[in-house]
Amino acid sequence: MAFSADLLSLAAEAEAALGGHFARIDGTSFELTSRVLSAFSEFRVSDSCFGSSTGYGYGDRGREILDSVWARVFGTEAALVRHNFVNGTHAISTALFGLLRPGDTLLSATGRPYDTLDGVIGAGGATGEGSLRDFGVSYAGIELAGGRIDVPAVIGRVISDPSVKVVYIQRSKGYLGRRTLTAAEITEACSAVRAARPGVFTVVDNCYGEFCDGSEPSADLLCGSLIKNPGGGMALTGGYLAGTAEAVRLASYRLTTVGTGGEVGATLGQNMNMFKGLYYAPHSVANALKTAHLAAYVFGKLGYAVSPGWDEPRSDIIQTVATGSPEKLRAFCGGIQAGSPVDSFAEPEPWAMPGYADEVIMAAGCFVQGASLELSADGPLRPPYTVFFQGGLTYESGKYGILTAASRVGPA
């Protein structure tokens, strides 16, 4: 596609302004890559780890070493990394059902969770069939205060309500306009909960945030998807749980069965993809962060409200652009689709996507269906018609997608 001279000039202006931010991102990527390679060396990753198991999957060396490597990289006691997780919501659901019991309360410290968890919790008009509510688990939420976790309010509820068993924190904004939380502030909140009442579990939806900060949050369980950041663009499906040995064990019983937990599960030839994805992840996430900075600069200069701003620090790969109309939201997603390597000829259409309250339009011309670390954009058809843009396995392809979208959308 041929871009206008004005648009190319704007991109060059953006890259000149972003040089310092790009250098910082590269520095973090090197530190995180060093951590990954040290873990690979420590646990003696070899070609034998890439073999395939079938049936029960007993004694799958690659699966066991991948869990150990993952835990070391994420700074946790244990991890459960499986292609069996169908998405991030599945990993989170497994964590919640593994830790909560009838009569317990799930307390969200970040307000209403992401739309797809409504059915899991039994909230937001969901029927409740098979939900936590259906199993006698209550839900309560505490809104953010000034965009930050209201730690005093959370601790007050934890101390005053003995039924609170899990405090849940969503790192990223979801389809809301709030800021993304940093790893440091999540760790601080989890530490406060642990000090106030030992025995209460902290669970973090870590999706979109892995490898964006210099370290991951410290919690009883971190949950995420392998077709987002930590899969590095290589994992074909899957998710992970990483945290304390006790929390991982209890969650593993929900994924498989009590007693077998993480000791079973055929890998079906997926080990190499997951190892290789973790190896690529710091660099791939760095490319996505650079792409997000560029998008913020370009669309901000075109007159759109963007968050974060082009010169603000980031703790996830998501960039929002308030397009202001359903037509421009469709044009943005159409531009990203046209600038994608797969199905570039397709035109995204809104649809009633399972788990969402509003129709959603999504551009995802990805090698792996729905892979958010690849170039993608989506948003619900509701005012202010904000598009949630993320990904870019390579900065060059991310830049191409941004310019294609900008060509279609035009100035605000």
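Each value in this text was obtained by applying a stated rule to the coordinates, not by laboratory testing. In this text the structure is predicted, and so the values were computed from the model without any measurement. In this analysis, Cβ positions are derived from the backbone assuming ideal geometry, glycine residues included, and neighbour counts consider all displayed protein chains.
Some observations on this one:
- Stokes-Einstein D in µm²/s, Kirkwood radius over Cα pairs - the range 47-174 at 20 °C with 1.002 mPa s viscosity: 128
- Inter-centroid distance (Cα atoms) of the range 66-139 relative to the range 30-60, Å: 26
- Extension gain for the segment A17 to A196, taken as residue separation times 0.36 nm less the Cα-Cα distance, is 59.9 nm to one decimal.
- Using a simple spin-label model with pseudo-atoms 7 Å out from Cα toward Cβ, D47 and A2 lie 5.1 nm apart.
- Counting every pair of alpha carbons in the range 195-234, the share spaced more than 17 Å apart comes to 38 percent.
- Ratio of the Cα radius of gyration of the range 34-278 to 2.2 N^0.38 Å, where N counts its residues: 0.98
- Least to most buried among T267, T182 (fewest other Cβ within 10 Å first): T182, T267
- Altogether, the Stokes-Einstein calculation at 4 °C and 1.567 mPa s, with the Kirkwood radius of the range 175-306 over Cα pairs as Rh, returns a diffusion coefficient of 77 µm²/s.
- Rounded D (µm²/s) - the range 223-371, Kirkwood Rh over Cα pairs, Stokes-Einstein at 25 °C, 0.890 mPa s: 137
- Its residues counted as N, the range 1-91 yields a C-alpha radius of gyration over 2.2 N^0.38 Å of 1.68.
- Sites Y253 and E64, calculated FRET efficiency, Cβ-Cβ separation with R0 25 Å, nearest 0.05: 0.90
- All Cα pairs of the range 141-230, percent lying beyond 18 Å: 42
- The chain - Rg (one decimal) and Dmax (whole number), Cα, Å: 20.9, 64
- A P(r) calculated from all alpha carbon pairs of the range 3-53, with 10 Å bins opening at zero, reads 20, 23, 21, 17, 16, 2 percent.
- Here the Karplus relation 6.51 cos²θ - 1.76 cosθ + 1.60, evaluated at θ = phi - 60°, turns the backbone of the range 300-307 into coupling constants of x, 5, 7, x, 8, 6, 10, 8 Hz, with x for every Gly and Pro.
- Mean ellipticity per residue at 222 nm, deg cm²/dmol - from DSSP H runs of n ≥ 4 across the chain, formula -39500 (n - 2.57): -12500 deg cm²/dmol
- Compared with the rule-of-thumb size 2.2 N^0.38 Å for a compact globular protein, the range 197-264 has a Cα radius of gyration ratio of 1.19.
- The Cα center of the range 344-408 and the Cα center of the range 237-294 differ in position by 24 Å.
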